[in-house]
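Asks: Quick one: the structure is below, questions incoming.
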Amino acid sequence: MASVRARLASRNAHKLEELRAALPGWELELLATDRPSPAEDGATYADNARIKAAFGREQAQDCWVLGEDSGIEVAALGGRPGIASARWAEDGVAQLLAELEGVRDRSARYVCELVALGPGGEERRGTGTLEGSIATGRRGEEGFGYDPIFVPVGEERTVAELGDAWKRLHSHRARAAGALRAALS
């Protein structure tokens, strides 16, 4: 697909920047709306991403609309916080570190689901994951969310230490965007 006009149904400028880098050739902007965001009450990342995309579709009739949902799944916590990652605790990083204190298995993964709804009602999806582990403390200044404690497989530094340039190329969101590009071609 050549140039694509799209709106991201989000207010998160960090996600917008990551997706712009991962979707070259796309004219991607945040959805401009005064309406409150829809409830993220789906059972899966895909459900929540679809809820957001459908919300955006009501307001942006002439272009693609992207809904995005992501989270972190920690093996020792049975996959929690999962789809509730953004709403799990007031300070999710502190909560996660507290719950993993003394735990040996710190394996985790980031998951991202993108749902794109086209002007004609067509739907495409892209899923991306990034495997890793949880550090024992916060490290690094870049990124957002759980990045200061997430160490990708093959790395010794957290995503926050690796930096935004690394994240734009290798994150779960970048991988989901690559899968979405493939689904649209």
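The values are calculated or read from the model by the stated rules, or taken from the named source; none is laboratory data. Keep in mind it's a predicted model, so treat the numbers as computed, not measured. Here the Cβ is made from the backbone with ideal geometry for all residues, glycine too, and neighbour counts use every protein chain on show. We work out accessible area using only protein heavy atoms, side chains counted, and drop any ligands, DNA or RNA first. Shrake-Rupley method; radii C 1.70, N 1.55, O 1.52, S 1.80 Å.
Asks: Looking only at residues in region 33-46 that are in contact (Cβ under 8 Å) with a residue 24 or more places away in the chain and over 17 Å from the mean Cα position of the chain (by Cα), which one is farthest from residue 16 (Cα to Cα)?
Replies: 35
Asks: Of the numbered conditions (1) more than 24 Å from residue 163 (Cα to Cα); (2) modelled with pLDDT under 95; (3) of a type in the set (A, V, I, L, M, F, W, C), residue 19 satisfies every one except a single condition; which is it?
Replies: Unmet for residue 19, out of (1) more than 24 Å from residue 163 (Cα to Cα); (2) modelled with pLDDT under 95; (3) of a type in the set (A, V, I, L, M, F, W, C): (1).
Asks: Restricting attention to region 74-86, report how many residues are at pLDDT 95 or above and open to solvent by less than 40 Å² (accessible area, probe 1.4 Å).
Replies: Residues that pass the stated criteria total 5.
Asks: Can you find a residue in region 71-89 that is polar (S, T, N, Q), under 30 Å from residue 137 (Cα atoms), assigned to a strand (DSSP E or B) and in contact with a strand residue (DSSP E or B) (Cβ under 7 Å, 6 or more places away or on another chain)? Full working, then the answer.
Replies: Just the residues of region 71-89 that are polar (S, T, N, Q), to begin with: 85.
Next cut, under 30 Å from residue 137 (Cα atoms) only: 85.
From the residues that got through so far, the ones that are assigned to a strand (DSSP E or B) too are none.
No, there is no match, as no residue in region 71-89 is polar (S, T, N, Q), under 30 Å from residue 137 (Cα atoms), assigned to a strand (DSSP E or B) and in contact with a strand residue (DSSP E or B) (Cβ under 7 Å, 6 or more places away or on another chain).
Asks: So the check is Cβ under 7 Å with 6+ separation or different chains; which pairs have a first residue in region 47-74 that's farther than 9 Å from residue 113 by Cα and of a type outside the set (Asp, Glu) and a second one that's part of a helix (DSSP H, G or I) and at pLDDT 95 or above?
Replies: These pairs meet every condition: 65/53; 66/53; 71/45; 74/96.
Asks: Now a separate question. Do the conditions hold for residue 97, that is, is it assigned to a strand (DSSP E or B) and either open to solvent by less than 30 Å² (accessible area, probe 1.4 Å) or among the hydrophobic types (A, V, I, L, M, F, W, C) (or both)? Before you say what the answer is, go through the steps one by one.
Replies: Details: assigned to a strand (DSSP E or B): no; either open to solvent by less than 30 Å² (accessible area, probe 1.4 Å) or among the hydrophobic types (A, V, I, L, M, F, W, C) (or both): yes.
Considered against the rule, which asks whether it is assigned to a strand (DSSP E or B) and either open to solvent by less than 30 Å² (accessible area, probe 1.4 Å) or among the hydrophobic types (A, V, I, L, M, F, W, C) (or both), residue 97 comes out as no.
Asks: Looking at (1) more than 26 Å from residue 57 (Cα to Cα); (2) surrounded by fewer than 17 Cβ atoms within 10 Å (Cβ to Cβ); (3) over 14 Å from the mean Cα position of the chain (by Cα), can you tell me which one residue 132 breaks?
Replies: It is condition (2) that residue 132 fails.
Asks: How about region 143-169: which of its residues are at pLDDT below 95, surrounded by fewer than 17 Cβ atoms within 10 Å (Cβ to Cβ) and either closer than 23 Å to residue 81 by Cα or of a type in the set (Val, Ile, Thr) (or both)?
Replies: Result: 144, single match.
Asks: Restricting attention to region 153-165, which residues are farther than 13 Å from residue 93 by Cβ and more than 15 Å from the chain's Cα centre (by Cα)?
Replies: First, the residues of region 153-165 that are farther than 13 Å from residue 93 by Cβ: 153-157, 161-165.
Scanning region 153-165 gives 153, 154, 155, 156, 157, 161, 162, 163, 165.
Asks: State yes or no: is residue 60 over 19 Å from residue 176 (Cβ atoms), outside any helix (DSSP H, G or I) and open to solvent by less than 30 Å² (accessible area, probe 1.4 Å)?
Replies: Answer is yes for this residue.
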